[in-house]
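In what follows, a single structure is set out as structure tokens and then discussed.
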Amino acid sequence: VTPISLAVDIGGTKLAVGIVDRSGRLIRSQHRSTPRTADPERTWDELSDLVEDELGHARRLGTPVVCGVGCGGPMSLRLGLVSPLNIPAWRTFPLRQRLNDLTGVPAFIDNDAKALAVAEGWQGAARGRRDYLAMVVSTGVGGGIVLDGRLLDGRLGNAGHIGHVVVEPDGRPCVCGGRGCLEAEASGTAIAAITGAEPARAPTEIVVRTGVMVGRAIASVANLLDLPLAVVAGSVALGFGTPFFEAAQQEIRARAGLAFSAGTVVVPAGLGAEGPLVGAGAVGWLGIGQKVWGPGGVSAGDATAEVR
Ligand SMILES: [Zn+2]
């Protein structure tokens, strides 16, 4: 019987669930729009309907053994509470407990960008790599870091949040209260505010500027953490394509010049639309102490498996 990780991806516009096997294959999935509501229970009702339906499919296809979740931050991993900025109805919402009770299998939650980092190391553009940064440049900017083959968590589970690295000291005000953060300069929201139009219609100069900002943040992280690879996902980055990635690479070359960081490379994510659910499935496997890697790839740290 096939052991199954029930994968749940929670975003500001879309709730998705799917079935991920031990090899990292997304067997099937379905999704619904995220309700626009201030009522936390209304959002939960929508999600629980979807999860219950997918659980039925999972039971026909194998044995669900764990539930893995990718969700927007911030969150407290240890307590299983989420407060996703893009879902205002949920503030310290007890998502892990609710999913435990609903599914009857242990649920594990992580930041969606960290989940994507695991997915990219498992089956995507960072496959088999031990040291890399993965980031999402879409409506917001998030990230996750794998160092020495382990996903970094930090004190509350928010490590790798590259969206608030400063790239313009006197730049635009940020939602975090700071100024000139990467998210305030390069997110889809920022680009829309700067140009007055959706990011897909941004002129070349904005595409290049966004690449420069992202490259600048990557260079700082490469210098800080001795990691040679950045994988970039998200609708804004992937929509901008080659000119964006060339500008980012050029900025990295200009700003990461130490012997260990000079060769740092930025590449587009490899998993496309499946990345978030493959990552959520991986969060489940990691949660119950299963490795999700080829030699040298991502593994759960001992402490990590315990505190979640
Ligand atoms: Zn900020």
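The values are calculated or read from the model by the stated rules, or taken from the named source; none is laboratory data. On a predicted model such as this, the values are computed, not experimentally measured, just so you know. In this analysis, Cβ positions are derived from the backbone assuming ideal geometry, glycine residues included, and neighbour counts consider all displayed protein chains.
Just a few scattered comments:
- Residue within segment 279-286 that is at pLDDT 95 or above and surrounded by fewer than 23 Cβ atoms within 10 Å (Cβ to Cβ) present: no
- Breaking point among (1) away from the ligand (no atom under 12 Å from the Cβ); (2) over 30 Å from Arg59 (Cβ atoms), for Leu102: (2)
- Flag for Pro203 being more than 16 Å from the ligand (Cβ to nearest atom) and exposed (fewer than 15 other Cβ atoms within 10 Å of the Cβ): yes
- Taken over segment 21-59, the residue count meeting the criterion of being over 26 Å from Gly140 (Cα atoms) and hydrophobic (A, V, I, L, M, F, W, C) is 3.
- Candidate set from segment 13-70 (those that are free of Cβ contacts under 8 Å to residues at least 12 places away in the same chain and among the small types (Gly, Ala, Ser)); member that is nearest to Ala117 (Cα to Cα): Ser23
- The requirement of being in a loop (DSSP other than H, G, I, E, B), more than 14 Å from the ligand (Cβ to nearest atom) and out of contact with any helix residue (DSSP H, G or I) (no Cβ under 9 Å at 6 or more places or on another chain) is not satisfied by Leu227.
- Within segment 99-108, none of the residues are surrounded by 19 or more Cβ atoms within 10 Å (Cβ to Cβ), under 13 Å from Val283 (Cα atoms), touching a residue at least 24 places away in the same chain (Cβ under 8 Å) and out of contact with any strand residue (DSSP E or B) (no Cβ under 6 Å at 6 or more places or on another chain).
- For segment 52-96, the set of residues classified as closer than 26 Å to Asn158 by Cβ, crowded, with 22+ Cβ neighbours inside 10 Å and aliphatic (A, V, I, L, M) consists of Val66, Val69, Met75, Leu77, Val82, Ile87, Leu95, listed by residue number.
- Residues (surrounded by 14 or more Cβ atoms within 10 Å (Cβ to Cβ), within 9 Å of the ligand (Cβ to nearest atom) and over 12 Å from the mean Cα position of the chain (by Cα)) located in segment 142-177: His164, Val165, Val166, Cys174, Val175
- Against the test of being of a type in the set (Gly, Ala, Ser) and within 19 Å of Cys71 (Cα to Cα), the options Gly142, Gly211 yield a single qualifying residue, Gly142.
- Qualifying residue in segment 53-62 (condition: of a type in the set (Lys, Arg), at negative phi and in contact with a strand residue (DSSP E or B) (Cβ under 7 Å, 6 or more places away or on another chain)): no
- Hits in segment 129-141 - residues which are small (Gly, Ala, Ser), away from the ligand (no atom under 15 Å from the Cβ) and at pLDDT below 95: Ser138
- For segment 178-193, a residue qualifies if it is within 16 Å of the ligand (Cβ to nearest atom), of a type outside the set (Asp, Glu) and in a helix (DSSP H, G or I), and the qualifying residues are Leu182, Ala184, Ala186, Gly188, Thr189, Ala190, Ile191, Ala193.
- Segment 178-190: number of residues that are over 15 Å from the mean Cα position of the chain (by Cα), within 15 Å of Val136 (Cα to Cα) and not hydroxyl-bearing (Ser, Thr, Tyr): 7
- Every listed requirement among (1) within 16 Å of the ligand (Cβ to nearest atom); (2) of a type in the set (A, V, I, L, M, F, W, C); (3) within 19 Å of the chain's Cα centre (by Cα); (4) in a helix (DSSP H, G or I) is met by Ala222 save one, (1).
- Taking every residue in segment 201-217 that is in a loop (DSSP other than H, G, I, E, B) and pairing it with any residue that is surrounded by fewer than 18 Cβ atoms within 10 Å (Cβ to Cβ) and at pLDDT 95 or above, at least 6 positions away or on another chain, the pairs with Cβ-Cβ distances below 8 Å are Ala202/Thr195; Pro203/Thr195.
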